[in-house]
Amino acid sequence: MNALEVHNLVKTFGSVRAVDDVSFSVPEGSVFGLIGRNGAGKTTTIRMMMNIYIPETGEVVLRGSKIGQEFRDKVGYLPEERGLYKKMKVMETLLFFAELKGKTGREVERKANEYIKRFQLSDRKNSKIEDLSKGNQQKIQFITTILHDPEFIILDEPFSGLDPINTDLLREIIVELKSKGKVIIFSTHLMDFAEKMCDQIAMIDHGKIILNGELKEIKKKHAKNNISLSHSGDVSFLNKYDFIEKVEDFGNQTGIRVKEASQIQQVLKLLVENNITVNKFNANEISLHEIFVELAGNNSSNMKAEA
Amino acid sequence: MFNKRTIAIIKRELREKLFSKTFILMTLLIPIFMIFALGSGTIVNSLGGNTKFNIEIISQSPQLTSAIKSAFAENNDIKEGNLKVSFSTKSKPEFNSFLGSSREKLLKENLTGIIFIPDSSLQDKEIEYYSKNPNNSSLFNKLRQPINKALIDLYFQGQNLTGNQINFARKNVDINGYKVSSDKQIQKAGYGNMIASFLFTFLLYFSLLYIGAMVMRSVVQEKINRIVEILLSSASSTELMIGKILGNSITGVIQMFIWLLPLMLLISTSWFVLPDELTLSLTMGNILFVLFYFFIGLITFLGLFASVGAIFDNDQDAQSGIWPIMILIMIPFFIAISLTNNPENTIATVASMFPFASIIVMPARIAITDVPLIQILISVIVSIATMSSIFPIAGKIYKVGILMTGKKPKWSEVIKWLKYN
C-alpha cells in the first residue's frame, strides 16, 4: 500500500527542465530516500510534493486523493534552506509552528519541553533564536518539524551542516519515528546515509528518475557480478583480464565487476596468487554509491568528492 | 481563508508588533512630535518677535511728531525693550541728507530702519520705510497700529467727534467665521477643525507609510530567511498574506485609536476646555469614521506593500520598488492638505470619492466641512470596492513573488505573474 504517489511531475525554470517527468511511490511505514547530486532536482521535487511549487503537469496523490490542506496538516517539513524568526524566543517559535499545524495547548507544550530536553537545549528555552548557535538553531528547526506529531516527515538534506553527534541524534530519531509507523522521506546527496537508512529509494539525475524501488531489491539486482573487496596491496593488475569489466578504487574499498557471476571465484584465486592480503571479500555486494556511479556515468567524480 | 492558521499568524504578528519597543515608542512619540510641529510655528514667530528693533521715525511736521510720540507712549514693546524708537521732525531735503548719512548705520544694522511720515500721509496714509531688509512683517505688525492711531487722531482733530466715533474709525474689520452645517445650531468656527483635518491627514499618511514599510520589510525578511518555505508547508500563501495584513492592520488601528484618544476625550467629556479660536465641531461618529477608513486603507495598501516585498529579495531593491505605492499615498496627502486653504475645492471633492485617494482625502474633508451623505456613501463604496479588487491582485503577486529569488524581476514580468494560477 502506497502512502504517497508522485505521478509525472514536470517543472521548468526558464529553459531548464529542473524536474522532468518524475514518478515514484512511497509505501506506508517506509523510510524513503530521494537521492542525487546537488542540482539534480531533489528540492524542486520536494517543493512540488509540499504544494509550494505548482507542477506544470503531474500530481501528488496522498492515499488515493490529490494532496491539499489535509496533507499540509499531516506533514512535517524541514526545508533545505533553514529559517526561523530571529527575534522570537525558542519556546514561542516551537509553539507558533505547532499552532500553524493546528496543535495548541498543554500537550504540545509538554512535548516541546521533552524535545528541548532531549536536544540539550533546556537552558536556552527563553533565549531568542538569534542568540543561539547555528547548530542549536538547526535543532530547533528540527523540533518544529516533528513537534506536531506528523504522519509524514519530509526532510530536505537533513544531515547537511550537522556535526557527528547531532547526526547520530537525528538518525536515532528517524529510526524511532519509523518504528512508530511514520513515513519518512528525505533527500540527500550522501549515498552512505541513504544506504544505511532507507528501505526505498528514488535516484534522480538531471531532473529524471534513473532508479526507483526497494533498496534491497536494487542492490540484489545490481550486485550480481560485483565484488566488494577490502585488502592491502596493489590490485591494478586485475585490469588486464578480459573477464573483469571494471576495477574501481573507493579508498578503503575496491569494487570489482566481472562479466559473469561464475567468474567471481576466479578473482579470489587471482588475488591469492598475486599475494594480495584479502581482509574482506564480499561477493554479490555493491554500494549505493557504485550503483549511482554506474547509472549516472561520467559525472561520478564530483559525487565521490561529496560522499 | 479565515481559519486557525490565519489566526495563528495574526497572533504572531500582534505579539511581534504590538509588544515591540518600537511600537510603544512610536505610539508615544508621534503625539509629542505633532504637538511640537504645531507649536513650533508659534515658537518661531515669537522668537522672531523678540528681536530688538531700533527705529528712527521722522515726520515732516511737528504736529505729526508729537501725535506719533504720544501714540507710542504706552507701547508695550518699547516698555519691554524690544523696540527702541526715536522721533524727530525733518523737511524732505533734510530727511534725504539724513538718510544719506545714515546709510552706514543701516547697513551695519545698528539702526533697523528709518520711517518717514510725510504730511501727505494725512490724506493717503502712505508712509515710507528705509531699511536693509524692508519687508519685515514682524516689525510692521508692531508699528502699524500706533502710527495708524496717530494719523487718525490727527485727521479727525477739531472735527468734534466723540471718542467712540474715533475708536470706530481706528478699528480694523474683524472677520468672524461661523460654521454652517446641517445641525440647526450655527457655531462660531475656530481653527479647531482645520487642525483636526490636518491631523487626520498627517496621521493617516504617516501611519500608512510607516506600517506599510514595516510589512514590506517583514515580507522581505521572511523571504531572505526562507521561513516562508516552512510557513507555506503549513498554510497557503493567501492565508499567510491575510494573516500578516490583518495582524498589522489591527496593530495600526490600535495605534491610531491611541493617537485619537485625546481628541475623543475632548469631544465626549468636558475635561479640557479649548480657547475660542480652537473650537472644534467634531462628533464621535467622525472619529469612528476615520478609524474605519484607516482600517480599509491599511488592508488596501498593506496588500500592495506586501506584494512589493514579495517581488524583491532585499531591502534596498524593495525600497526602490515602492514608488508606485508612494504616489498613491502622496498625491492624496497633498490634496488633503490643500483642503485647509479651500475646503470646497473640486479636486478634493473628486479625490474623496476616487479609488485609493478616498482613504486619505475623505477623513480630512469630513473634519473640515459638512460632506453630503451621498458623497460619503459613494466614497465608502469606492473604498471597499478598491480594497476588494486590489487584494486578490496583490495576493497573486505575493504568491508568485514570495518564492522567487535571484534576479530582480522587471515590472513587465511582475505583470505576467498575474496570469499564473
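The values are calculated or read from the model by the stated rules, or taken from the named source; none is laboratory data. Please read these numbers as outputs of a predicted model, since none were measured by experiment. Methodologically, a virtual Cβ is constructed for each residue, glycine included, from the backbone with ideal geometry; neighbour enumeration extends over all protein chains shown.
A few notes on this one:
- All helices (runs of 4 or more DSSP H) inside region B:343-421 with 1 or more residues being modelled with pLDDT of 85 or more: B:346-351, B:357-368, B:373-401
- If you go through region B:74-93 and keep only what is without any contact (Cβ under 8 Å) to a residue 24 or more places away in the chain and either under 47 Å from the mean Cα position of the chain (by Cα) or closer than 14 Å to residue B:140 by Cα (or both), you end up with B:74, B:76, B:78, B:79, B:80.
- Residue in region A:128-145 that is closer than 27 Å to residue A:3 by Cα and of a type in the set (Lys, Arg) present: no
- Criterion: within 14 Å of chain B (Cβ to nearest Cβ) and charged (D, E, K, R) - qualifying residue of A:81, A:114: A:81
- Within region A:197-218, residues that are within 16 Å of residue A:39 (Cβ to Cβ) sit with their Cβ atoms under 7 Å from residues that are of a type in the set (Lys, Arg), at 6+ positions apart or across chains, in these pairs: A:204/A:42; A:207/A:17.
- Region A:85-104, residues that are within 26 Å of the chain's Cα centre (by Cα) and either over 19 Å from residue B:14 (Cβ atoms) or basic (Lys, Arg) (or both): A:101
- Any strands (runs of 3 or more DSSP E) falling wholly within region A:229-295 and containing at least 2 residues that are outside the structural domain of residue A:35 (by TED's automatic domain parsing) and over 25 Å from residue A:201 (Cα atoms): A:244-249, A:277-283
- Index of the failed condition, residue A:42 passing every other in (1) within 14 Å of chain B (Cβ to nearest Cβ); (2) surrounded by 17 or more Cβ atoms within 10 Å (Cβ to Cβ): (1)
- Residue count, region A:218-265 (criterion: of a type in the set (Gly, Ala, Ser) and surrounded by 17 or more Cβ atoms within 10 Å (Cβ to Cβ)): 3
- Restricting region A:167-196 to residues that are polar (S, T, N, Q) and in contact (Cβ under 8 Å) with a residue 60 or more places away in the chain, the residue that is farthest from residue A:63 (Cα to Cα) is A:188.
- Considering only residues in region B:8-25 that are of a type in the set (Val, Ile, Thr) and closer than 18 Å to residue B:215 by Cβ, the one that is nearest to the other protein chains (Cβ to nearest Cβ) turns out to be B:9.
- Of the residues in region A:132-151, at least one is exposed (fewer than 15 other Cβ atoms within 10 Å of the Cβ), closer than 28 Å to residue A:52 by Cα and assigned by TED's automatic domain parsing to the domain that holds residue A:30.
- Residue in region A:105-125 that is of a type in the set (A, V, I, L, M, F, W, C), within 28 Å of the chain's Cα centre (by Cα), under 22 Å from residue B:240 (Cα atoms) and surrounded by 15 or more Cβ atoms within 10 Å (Cβ to Cβ) present: no
- Test: residue in region B:253-276 that is within 14 Å of chain A (Cβ to nearest Cβ), crowded, with 22+ Cβ neighbours inside 10 Å, part of a helix (DSSP H, G or I) and of a type in the set (A, V, I, L, M, F, W, C): no
A quick yes/no check of all residues on (1) loosely packed, with under 15 Cβ neighbours inside 10 Å; (2) farther than 26 Å from residue A:252 by Cα; (3) of a type outside the set (Lys, Arg); (4) not assigned by TED's automatic domain parsing to the domain that holds residue A:292:
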| site | (1), (2), (3), (4) |
| --- | --- |
| A:156 | no, yes, yes, yes |
| A:163 | yes, no, yes, yes |
| A:168 | yes, no, yes, yes |
| A:180 | yes, yes, no, yes |
| A:187 | no, no, yes, yes |
| A:190 | no, no, yes, yes |
| A:194 | no, no, yes, yes |
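- Region B:228-243 residues that are within 7 Å of chain A (Cβ to nearest Cβ) and assigned to a helix (DSSP H, G or I), paired with ones that are basic (Lys, Arg) and surrounded by 23 or more Cβ atoms within 10 Å (Cβ to Cβ) (beta carbon under 8 Å, 6 or more apart): B:229/A:47
- Within region A:182-202, the only residue that satisfies the criterion of being polar (S, T, N, Q) and either within 14 Å of residue A:167 (Cα to Cα) or modelled with pLDDT under 90 (or both) is A:188.
- Failed item, numbered, when residue A:4 is tested on (1) away from chain B (no Cβ under 14 Å); (2) not in a strand (DSSP E or B): (2)
- Checked against (1) over 30 Å from residue B:226 (Cα atoms); (2) surrounded by 13 or more Cβ atoms within 10 Å (Cβ to Cβ), residue B:409 passes all but condition (1).
- Restricting the first member to region A:85-100 and to residues that are more than 8 Å from chain B (Cβ to nearest Cβ), and the second to residues that are small (Gly, Ala, Ser), the beta-carbon pairs closer than 7 Å and six or more apart or on different chains are A:89/A:127; A:90/A:127; A:91/A:112; A:94/A:112; A:95/A:112.
- Residue check, residue A:145 among the β-branched types (Val, Ile, Thr), under 25 Å from residue A:159 (Cβ atoms), assigned to a helix (DSSP H, G or I) and within 24 Å of the chain's Cα centre (by Cα): yes
- Counting only helices (runs of 4 or more DSSP H) that sit completely within region B:71-182, those holding 2 or more residues that are of a type in the set (Phe, Trp, Tyr) correspond to B:92-107, B:137-156.
- Residues in region A:51-78 that are touching a strand residue (DSSP E or B) at 6+ places or on another chain (Cβ under 6 Å), within 7 Å of another protein chain (Cβ to nearest Cβ) and either hydrophobic (A, V, I, L, M, F, W, C) or over 23 Å from residue A:11 (Cβ atoms) (or both): A:75 alone.
- Tally, over region A:117-130, of residues that are within 14 Å of another protein chain (Cβ to nearest Cβ) and either in contact with a Ser or Thr (Cβ under 7 Å, 6 or more places away or on another chain) or within 22 Å of residue A:172 (Cβ to Cβ) (or both): 1
- Against the test of being of a type in the set (Ser, Thr, Tyr) and under 30 Å from residue A:81 (Cβ atoms), the options B:386, B:405 yield a single qualifying residue, B:405.
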